[in-house]
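Before any comments, here is the structure.
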């Protein structure tokens, strides 16, 4: 690719990995920050010293285009979910040869339009409706293929399971919809619409990819384990990295590649969540950016690579990068869970985790005496903490994981 500048829109979360890698490759990173800003939990990761320039979307896209147009830009990439829409618009204007299809931009950052586009391409999807008012869902919830089933209700644009709510048996959907509409979500955007979907039942996976010239190369594959915690039905417990030849993985990859085609992906990373149901793979959603919450760094530990590495090598002109990966280590990320709200005690129990042979890192964000909330979503999990286990022997990782859960269970919350 030609050009010496690389624009990273909203370099938060795992997006902080881009600037150092881009600079090492001989390019100059520029930060663009979209507005409104997302939750402070994301923006706290921003490292302004990593960039030669940092621009803010104060006066609309045209002002940014005018500021960036004189520069010799090699690529424009989103650093996190909040930057997806703006990165799409800037790339279409300034680097059209390295941009996703502009006509499908609305499908890549809107969960309702996304499902419709995938269905239009002939892929099976779960029954879905997108509404701006609860009354618009009235006919949907009584459809024969929906009535009596669990419903998942969520904002059309959000991240980290923020606002994702279960209506068991379809009951109580109306107040859930009412409560989500008009609320500002974690990306800093007001919920103008919400999606209602028949709940998918099965095992959840994530397929991470880097696309160049419309070719979707898989960088890593994970299996999620989620559990119920009080009224919250999808609390992350752990994330396990898998080999490409693991059972069902080839089928899931084929499904995801078709979905990426349907959504107009031509360039850049994607973090795709897909459920393996008894009827086969079903798309949950595609996120048009690298995996957040430290998962990109964990992927590099598991495979020796990630989408950031693929992106940088593409910048340097490598066009023969592999379609897949080799799993070098067994890697498991364990999320900590608070079953109740209250005052936390005995956090020293977590310190035993650091001594485990496979522990490659632990983030613990609480201490004795802190007032904490019960874990409800990924954001609250990250506020509590997590540990990363890795080893060439998968059995050793599993042994240490059992110990980790025993240690973490010793933490107490006083109500």
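Computed quantities for the displayed model
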quantity	calculated
Tally, over the stretch 315-332, of residues that are assigned to a loop (DSSP other than H, G, I, E, B) and either within 25 Å of residue 6 (Cβ to Cβ) or over 24 Å from the mean Cα position of the chain (by Cα) (or both)	9
One residue from 382, 388, 404, 414 being surrounded by 18 or more Cβ atoms within 10 Å (Cβ to Cβ) and over 14 Å from residue 351 (Cα atoms)	382
Residue match in the stretch 344-353 (condition: part of a strand (DSSP E or B), in the same structural domain as residue 304 (by TED's automatic domain parsing) and on the phi > 0 side of the Ramachandran plot)	no
Residues within the stretch 162-205 that are part of a loop (DSSP other than H, G, I, E, B) and in contact with a helix residue (DSSP H, G or I) (Cβ under 7 Å, 6 or more places away or on another chain), tallied	7
Matching option when the condition is surrounded by fewer than 19 Cβ atoms within 10 Å (Cβ to Cβ) and at negative phi, among 155, 144	144
Tally of residues being part of a loop (DSSP other than H, G, I, E, B) and touching a helix residue (DSSP H, G or I) at 6+ places or on another chain (Cβ under 8 Å) across the stretch 206-232	1
Sole exception among (1) at pLDDT 95 or above; (2) in a strand (DSSP E or B) for residue 264, by number	(2)
Matching entry among 99, 121, 116, 87 (being under 22 Å from residue 187 (Cβ atoms), surrounded by fewer than 19 Cβ atoms within 10 Å (Cβ to Cβ) and modelled with pLDDT of 95 or more)	116
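Residues are listed down the side, and each one gets a yes or a no for (1) in a helix (DSSP H, G or I); (2) surrounded by fewer than 21 Cβ atoms within 10 Å (Cβ to Cβ); (3) in the same structural domain as residue 278 (by TED's automatic domain parsing); (4) at negative phi:
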position: 82; (1), (2), (3), (4): yes, no, no, yes
position: 93; (1), (2), (3), (4): yes, yes, no, yes
position: 107; (1), (2), (3), (4): yes, no, no, yes
position: 160; (1), (2), (3), (4): no, no, no, no
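The values are calculated or read from the model by the stated rules, or taken from the named source; none is laboratory data. As the structure is a computational prediction, the values presented were derived from the model and not from experiment. All Cβ positions, even for glycine, are placed from backbone atoms using ideal geometry, and neighbour counts span all protein chains on display.
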